[in-house]
Amino acid sequence: HPHLFVAHAYPTLQFMVLSNRLGTTTLTMMQRLSLLVSCLTVLLSNVSADIVVENDLINPEEIFDFVVLQDSSHWWLSPNTTQYFCIMRGLWNPYNHPKKYPNLARMSNPVAYSSSKQYLPWLINRATTWGVEKIAETGFTDTFKIEAKAAGKMVHDIQEGKGFFVDQEDPEKNYAYLPGIKVTPDYPFLSGIAGMMPTPDWYTGFYLLDTIDEYDRTFWNRILIHTFPWDAGTDAGDTYMSVDQDMDPPDNIHRITTKNAPNGIFLSPDGREVRPVAEWDCALHVCEEGEDYCEPDNWPPANGCDMLKYPGCETECDPEFDDVCEECKPKPKPIILGASDAQGDDDNRVFYRNCCQSNHEPLEGKCVPGWVKPDDNGKDKDGPNGKDVAKCGFFRPFCKSAASANYSQKAVFTTLSLMGMGLLAMLY
């Protein structure tokens, strides 16, 4: 937490400054230098690209990789209905996983659910349930949802998106919207699963992701994770097109890694790693008091674009009426046999407030990978501790960050400021 580590280092530096001002001779110059180095070591270790979240139930790094975690000011005991609206993006493609990649690859309907910590239909190094086996081997989700319903009070909400065939030419088209998943203080854990076909019994997913920040006791505003391929242990097949070979007894569930990848399947082009096969992007949405269910505007949008990755892609602008409106390069339209080719140049023109944020290249220049800040950069004092909290907003993640762009920049700025304070303490 870059917004928390300052509290740990500041008292030590403050003591060093006061010691000099009061003429204290307890600390020698070398002792002060040692303290300064120790403080800076702690500070710099916190300004890291890796996200570490404490979880007493699981080791998150064994299950998934955090890419983005963004704070909110939504208190965990709020009476308002709290939901997460998620998009699952398929990263399983011949560019990331070229070895024997199937021609007709498909991601099954993604299923996401909120639960208590007791509900674990699948768990690393444990036998799977019949429902998980069905998703892994066939992609059908009916049995899994029946099991979740039979779990009673352990499962709070379960939602399902629409699967898709993998577009190998344009991986940007491989994603699925899910309806909102309700979470509560008693059911804060978010899990998800999706099958990959054709495979013997391979799937991807995550479980027991705590949606509440343990330190601030607020719900995360934005969660983006990468998930990896898993073997359900119910079929002995070792290629995508293997014939059905049920294992009796079944093996335990295990994550597919470089050490156990069957026939090198799922290995990266250089063979050094197993890259993620899916990305789950979830945004917090809080209903008005008294509402049991609510949705963000245009979820999903009429044009079907990925509005979490490309905020603003769902609405075009009009240069005659909108102050901020730029023309973008139109995307090639699919060829439809028998359709008329008669189309004016004006029909191909595309206008957005920000081409890059709308998944279009501008007519002039080129989109540069980086962080796009939310439109609303205001501050809110409604947090439980009265601290400034960035208001909820969508942003486009291109690279890994400790939280959001604002937090990373603040962490570096604070570190440099404290380094200056430490040097002043030594001089005076």
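The values are calculated or read from the model by the stated rules, or taken from the named source; none is laboratory data. None of the values given here were measured: they were computed from a predicted structure. Quick reminder, even Gly has a Cβ in these numbers, built from the backbone with ideal geometry, and neighbours come from all protein chains shown. We work out accessible area using only protein heavy atoms, side chains counted, and drop any ligands, DNA or RNA first. Shrake-Rupley method; radii C 1.70, N 1.55, O 1.52, S 1.80 Å.
Give the calculated FRET efficiency between Ala151 and Val350 to the nearest 0.05, with a Förster radius of 60 Å applied to their Cβ-Cβ distance. Between Ala151 and Val350 the formula returns 0.80. On full extension, the segment bounded by Ser242 and Asp167 gains 24.7 nm, given 0.36 nm per residue less the C-alpha separation. Ranking Phe321, Phe228 by solvent-accessible area of protein heavy atoms (1.4 Å probe, all protein chains present), from largest to smallest, gives Phe321, Phe228.
Round to a whole angstrom and tell me the spacing of the C-alpha centers of segment 217-280 and segment 92-159. Spelled out, the Cα-based centre of one part sits 12 Å from the other. Kindly identify segment 232-283 as rounded, prolate or oblate by the Cα gyration tensor criterion: order the square roots of the eigenvalues as a ≥ b ≥ c, call it rounded if a/c is under 1.5, otherwise compare a/b with b/c, prolate if a/b is larger, else oblate. Here segment 232-283 falls in the oblate category.
Among the listed pairs Lys99/Lys329; Lys100/Lys162; Lys117/Lys259; Lys134/Lys331; Lys100/Lys149; Lys100/Lys182, those whose Cα-Cα separation exceeds 32 Å are Lys99/Lys329; Lys134/Lys331; Lys100/Lys149; Lys100/Lys182.
The label-point distance for Lys329 and Glu291, in a model that sets each label 7 Å from Cα toward Cβ, rounds to 3.9 nm.
Determine the share of segment 66-150's accessible area contributed by carbon and sulfur atoms, expressed in whole percent, with a 1.4 angstrom probe.
C and S atoms contribute 56 percent here.
Placing +1 on the Cβ of every Lys and Arg and -1 on the Cβ of every Asp and Glu, with nothing else charged, gives segment 227-300 a dipole about its Cα centre of roughly 740 debye. Of the residues Asp71, Asp170, the one with the largest accessible area comes first in the ranking Asp170, Asp71, computed with a 1.4 Å probe on protein heavy atoms.
Of the whole protein surface, Thr143 contributes about 40 Å² of accessible area at a 1.4 Å probe radius. Surface composition of segment 152-311: carbon plus sulfur atoms hold 47% of the accessible area, using a 1.4 angstrom probe and ignoring ligands, DNA and RNA.
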